[in-house]
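**Q** The structure that follows is given in the form of structure tokens.
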Amino acid sequence: MTEAAPPRWRIRVRGIVQGVGFRPFVYGLALRFGLAGFVLNDADGVLIEVEGLPAALESFAAALKDERPPLARIESVEREALAPRGETAFAIAHSQAAAHRGTLIAPDSATCDDCLRELFDPADRRFGYPFINCTNCGPRFTIVADVPYDRDKTTMRVFPMCPACRAEYENPLDRRFHAQPNACPACGPSVRFEIAPDQETRRPGDMHDETLLDSRSPGHLDMQFPVDPIAQAAQRLAAGAILAIKGLGGYHLACDALDPAAVGRLRARKRREAKPFALMVATLEDARQLCLVADPEARLLESHRRPIVLLERRPGAPAPDALAPGHAALGLMLPYTPLHHLLLRAFAALAPGRPIGLVMTSGNLSDEPIAYRDEDAIERLAPIADAFLLHNRAILTRCDDTVTRVAAGGEQIFRRSRGYAPAPIELSRALALPVLAYGGHLKNTFCLARGRQAFVSHHIGDLENLETLTSLREGIAHYQRLFDIAPELVAYDLHPGYLATQEALASPVALKVGVQHHHAHIASVIAEHGLAGQVIGVAADGTGYGLDGAIWGCELLVADLAGFTRAGHLAYVPLPGGDQAVRQPWRVAAAYLSQLYGAAFADLDIPFTRALDRARWAVLAQMIARGVNSPPASSLGRLFDAVAALIGLRGEALYEGQAAIELEAIAERDAAPYPFDLADGAPFRIEVGSTLAAIVRDLRGGEAPGRIAGRFHATVAAFLAAGCARARAATGLGVVALSGGVFQNRLLLERLEQQLSGDGFRVYTNRRVPPNDGGLSLGQAAVADERARRGLVQLG
């Protein structure tokens with residue numbers, strides 16, 4: 001008798017398993033367990049066939065999941081038995097293309113510790129090389145044109161590898177085996193330093209040091225600076241210059257973060273008067289010198305995703321107020337490319353004895369998408385930057401930095417982009433049809449979804465111009481190609497004026513679903529957490545198109561994915577001038593006071609009315625009386641604006657939400673709420689007349705603005721919690737979903753979550769997509785799918 005041949009398995013691994021060292025990892029496991037067969041990449045992920053002893057096969061299968069490479073994300077592992085072949089060796093086979101593609105692309109990842117050691121090791125052949133990477137780190141999504149993920153389908157295809165790099169690339173036991181961006185100084189991309197083309201048009205006195213910064217000839221540069229482009233850039237930054245620096249997903253505009261004059265020049269040239277600047281600090285210790293950093297925040301900062309993390313300023317830290325005017329927080333990130341590490345180290349040598357930080361803000365003018373193509377970047381950024389630090393590795397997909405923070409016991413994302421996209425959101429069940437959701441108008445993202453995977457795009461931005469709209473179109477086409485998704489269903493916001501809505505309605509896809517803005521917000525939470533059945537949804541933001549034609553923005557909904565009923569809302573107030581009221585909060589404050597006191601409000605003896613321009617208000621009052629461009633609004637964002645204006649904090653805003661952000665920044669943390677009322681009805685109304693009357697009394701009594709702001713925050717948490725309790729009494733529901741841009745207010749979010757949890761509710765918030773309009777597309781896709789299942793979709 002002869003022994004039976006060892007069994008053979010075919011194993012299919014799906015997920016982020018290409019470009020992350022998965023094949024050499026499998027190869028090493030096979031050698032370790034004495035197995036024969038092969039592994040290869042194909043359009044569905046990784047395919048493995050192995051044969052050997054049964055116990056070895058079981059150990060191999062367990063190790064696939066338990067010991068996976070750092071950047072790998074396994075969605076599923078399927079296996080089936082095959083007839084044994086009697087093979088005695090294990091091999092890595094060539095990638096296979098296919099008609100259908102279902103593989104995933106890894107997000108870009110920060111430089112790993114192994115590469116950093118080599119980067120600063122004088123004995124290493126890649127010492128000081130600003131494009132060092134391996135299978136555990138480096139560019140991925142921003143350089144990929146197609147799948148399977150091979151070098152000829154990336155922007156690295158124009159850099160043939162030298163013999164040394166080729167040997168690493170072809171060695172299955174090397175950590176650079178099939179690292180597609182693999183390169184070295186002999187064969188890879190290079191960096192260069194250039195003076196801005198129009199620098200000679202700078203006005204006298206516009207530079208910090210004219211002798212140092214107004215050099216124009218290469219000969220003069222050689223006398224002033226070392227040849228090393230990164231050292232040249234560091235010298236310029238230390239002297240107060242503004243640089244445009246090409247990164248992973250686009251250009252940054254950089255300057256010395258601790259130089260108030262340089263920060264001021266950058267604000268003036270970029271036309272960014274008040275929005276905060278992000279900082280890149282050299283080390284976690286530098287971050288701790290500027291901000292308070294708890295352990296969860298430190299883990300986020302040091303993660304391979306390297307987001308911008310919003311952190312509370314450290315009292316007395318040497319950070320100019322101009323970095324984030326009116327904000328209690330700073331947005332910090334650690335370096336995530338070797339070029340960043342080298343630049344910050346060179347800069348540190350020129351600025352000893354202080355925290356090392358550079359402003360690293362998106363390379364654009366206000367409202368434009370980030371520049372990422374070299375010629376376009378030089379043309380657009382030359383009026384802002386004194387010089388450029390460039391490289392010749394092309395960026396295929398622009399990708400801004402992700403912005404996140406720790407709030408209410410977990411991560412909360414404000415902008416989901418580099419390091420996070422295009423990793424999919426895993427859904428609790430497979431979709432009925434492939435879906436394309438176009439998202440909203442501001443902070444736009446789109447969502448392509450198929451099966452159980454929802455690919456929420458990188459941040460596109462505000463759809464205010466052709467450039468951003470073009471970015472949306474290009475992004476959709478790229479995702480469709482990468483993930484082989486041909487949508488059969490389109491979802492969009494109901495607002496007829498949104499460019500995203502108009503794009504959706506022009507789509508050739510026949511099946512279309514309009515999704516109400518605040519329903520999409522709540523649906524994003526339901527989809528993200530896989531919640532079943534109805535929930536009480538609290539959707540709070542600045543603007544959303546309501547079913548009654550009003551501007552909604554503080555809505556208590558009883559909702560599931562199929563639909564919703566409006567259980568309650570903030571009572572309406574007219575917005576004189578419509579969108580103008582967003583930039584002029586004093587208008588909303590006056591409208592609220594007029595609603596409460598009538599025309600006599602102008603005689604109230606408070607600072608707001610003493611400073612009121614009565615002629616301007618008379619015109620607006622006539623508009624309200626005649627119903628001209630004064631839409632009714634239930635917006636909680638506008639109520640925050642009104643209170644900020646009422647207490648004298650900000651009557652004019654330079655960007656949406658500025659007044660509310662500043663109101664949170666000054667608010668006392670332990671204040672008691674003001675009175676409010678819930679008016680009966682279907683839906684019930686949250687009436688804040690008594691709240692505003694109490695604020696007026698406090699103003700007349702000389703109460704401190706911080707105290708009033710704190711009491712107002714407590715009031716909002718109280719009336720939202722009371723609204724949820726009323727909805728529970730009517731429905732029996734005990735699950736609350738919180739979403740909308742207002743919940744970027746940490747004080748409100750944490751206070752409300754604490755009150756609801758204390759009252760026995762289970763509370764869910766957005767964790768993997770933003771609560772602001774950047775998360776709308778996920779909710780739209782989920783709603784569209786549910787309606788398709790129920791036969792509620794019509795040809796559009």
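**Q** Would you tally the residues in the range 408-454 being more than 22 Å from V309 (Cβ to Cβ), assigned to a strand (DSSP E or B), open to solvent by 10 Å² or more (accessible area, probe 1.4 Å) and in contact with a helix residue (DSSP H, G or I) (Cβ under 9 Å, 6 or more places away or on another chain)?
**A** Total satisfying the criteria: 2.
**Q** Residue under question is D400, and the condition is that it be open to solvent by 20 Å² or more (accessible area, probe 1.4 Å), in contact with a Ser or Thr (Cβ under 9 Å, 6 or more places away or on another chain), touching a residue at least 24 places away in the same chain (Cβ under 8 Å) and not small (G, A, S); does it hold?
**A** Answer is no for this residue.
**Q** Whether any residue in the range 689-698 is over 22 Å from Q658 (Cα atoms), open to solvent by 60 Å² or more (accessible area, probe 1.4 Å), in contact with an Asp or Glu (Cβ under 6 Å, 6 or more places away or on another chain) and not β-branched (V, I, T) is what I want to check.
**A** Within the range 689-698 (the criterion being over 22 Å from Q658 (Cα atoms), open to solvent by 60 Å² or more (accessible area, probe 1.4 Å), in contact with an Asp or Glu (Cβ under 6 Å, 6 or more places away or on another chain) and not β-branched (V, I, T)), the answer is no, since none of the residues qualifies.
**Q** All but one of (1) open to solvent by less than 20 Å² (accessible area, probe 1.4 Å); (2) in contact with an Asp or Glu (Cβ under 7 Å, 6 or more places away or on another chain); (3) assigned to a strand (DSSP E or B); (4) not β-branched (V, I, T) hold for A540; state the number of the condition that does not hold.
**A** Among (1) open to solvent by less than 20 Å² (accessible area, probe 1.4 Å); (2) in contact with an Asp or Glu (Cβ under 7 Å, 6 or more places away or on another chain); (3) assigned to a strand (DSSP E or B); (4) not β-branched (V, I, T), A540 violates only (2).
**Q** For the list (1) of a type outside the set (A, V, I, L, M, F, W, C); (2) open to solvent by less than 40 Å² (accessible area, probe 1.4 Å); (3) under 21 Å from F743 (Cβ atoms), I need the number of the one condition that P487 fails.
**A** (3)
**Q** Limited to the range 500-531, what total is found for residues that are touching a residue at least 40 places away in the same chain (Cβ under 8 Å) and in a loop (DSSP other than H, G, I, E, B)?
**A** 6
**Q** Quick check on my filter: what residues within the range 373-396 are open to solvent by less than 10 Å² (accessible area, probe 1.4 Å) and more than 24 Å from E656 (Cβ to Cβ)?
**A** Result: A377, L381, A382, A385, D386, A387, F388, L389, L390, H391.
**Q** Out of all the residues in the range 136-184, which are over 23 Å from T397 (Cβ atoms) and touching a residue at least 60 places away in the same chain (Cβ under 8 Å)?
**A** Selection gives P172, L173, D174, R175, F177.
**Q** Report whether or not V20 is part of a loop (DSSP other than H, G, I, E, B), of a type in the set (V, I, T) and under 20 Å from F141 (Cβ atoms).
**A** Yes.
**Q** Something else about it: Hey, could you check the range 543-553 for residues that are open to solvent by 20 Å² or more (accessible area, probe 1.4 Å) and not in a loop (DSSP other than H, G, I, E, B) and say which is modelled with the lowest pLDDT?
**A** T543
**Q** Here is a follow-up. Sort out which residues of the range 369-391 are within 26 Å of P107 (Cα to Cα), in contact (Cβ under 8 Å) with a residue 12 or more places away in the chain and out of contact with any strand residue (DSSP E or B) (no Cβ under 8 Å at 6 or more places or on another chain), and write them in order of number.
**A** Passing the criteria: only R373.
**Q** Do the conditions hold for L556, that is, is it out of contact with any Asp or Glu (no Cβ under 7 Å at 6 or more places or on another chain), farther than 18 Å from R450 by Cα and not in a loop (DSSP other than H, G, I, E, B)?
**A** yes
**Q** List every residue pair whose Cβ atoms lie under 7 Å apart, where the two residues are 6 or more positions apart in sequence or sit on different chains, the first residue falls within the range 346-362 and is in contact (Cβ under 8 Å) with a residue 40 or more places away in the chain and over 19 Å from V263 (Cβ atoms), and the second residue, located anywhere, is of a type outside the set (V, I, T) and buried (at least 16 other Cβ atoms within 10 Å of the Cβ).
**A** Listed by first residue and then by second, the contacts come to A346/A231; A346/A234.
**Q** Give me a count of the residues in the range 253-279 that are under 26 Å from the mean Cα position of the chain (by Cα) and either within 20 Å of Y129 (Cα to Cα) or acidic (D, E) (or both).
**A** So the count comes out to 2.
**Q** Give me a count of the residues in the range 623-648 that are assigned to a loop (DSSP other than H, G, I, E, B) and touching a residue at least 60 places away in the same chain (Cβ under 8 Å).
**A** So the count comes out to 4.
**Q** OK, next. Report yes if L620 is in contact with a Gly (Cβ under 6 Å, 6 or more places away or on another chain), in contact (Cβ under 8 Å) with a residue 40 or more places away in the chain, more than 29 Å from P771 (Cα to Cα) and in a helix (DSSP H, G or I), otherwise no.
**A** So L620 does not fit the description; no.
**Q** Being touching a strand residue (DSSP E or B) at 6+ places or on another chain (Cβ under 6 Å), among the hydrophobic types (A, V, I, L, M, F, W, C) and open to solvent by 10 Å² or more (accessible area, probe 1.4 Å): is that true of L756 here?
**A** Here the answer is no, as L756 does not meet what is asked.
**Q** Okay, moving on. Tell me yes or no: at least one residue of the range 38-51 is under 30 Å from N182 (Cβ atoms) and assigned to a loop (DSSP other than H, G, I, E, B).
**A** yes
**Q** Here's something else I'd like to know. I'd like the full set of residues that are touching an Asp or Glu at 6+ places or on another chain (Cβ under 6 Å) and modelled with pLDDT under 95, limited to the range 573-601.
**A** Once the filter is applied, which keeps residues that are touching an Asp or Glu at 6+ places or on another chain (Cβ under 6 Å) and modelled with pLDDT under 95, the range 573-601 yields only V582.
**Q** Given the residues A559, A571, A567, which is the only one that is over 24 Å from the mean Cα position of the chain (by Cα), surrounded by fewer than 23 Cβ atoms within 10 Å (Cβ to Cβ) and of a type outside the set (F, W, Y)?
**A** Every option except A571 fails the conditions.
**Q** Separate question: Have a look at A717, A737, A694, A722 and point out the one that is of a type in the set (A, V, I, L, M) and farther than 30 Å from G774 by Cβ.
**A** A694
The values are calculated or read from the model by the stated rules, or taken from the named source; none is laboratory data. Bear in mind that the values here come from a model prediction, so they are computed numbers and not experimental data. No Cβ is skipped: glycine too gets one built from the backbone with ideal geometry, and neighbour counts run over all protein chains shown. We work out accessible area using only protein heavy atoms, side chains counted, and drop any ligands, DNA or RNA first. Shrake-Rupley method; radii C 1.70, N 1.55, O 1.52, S 1.80 Å.
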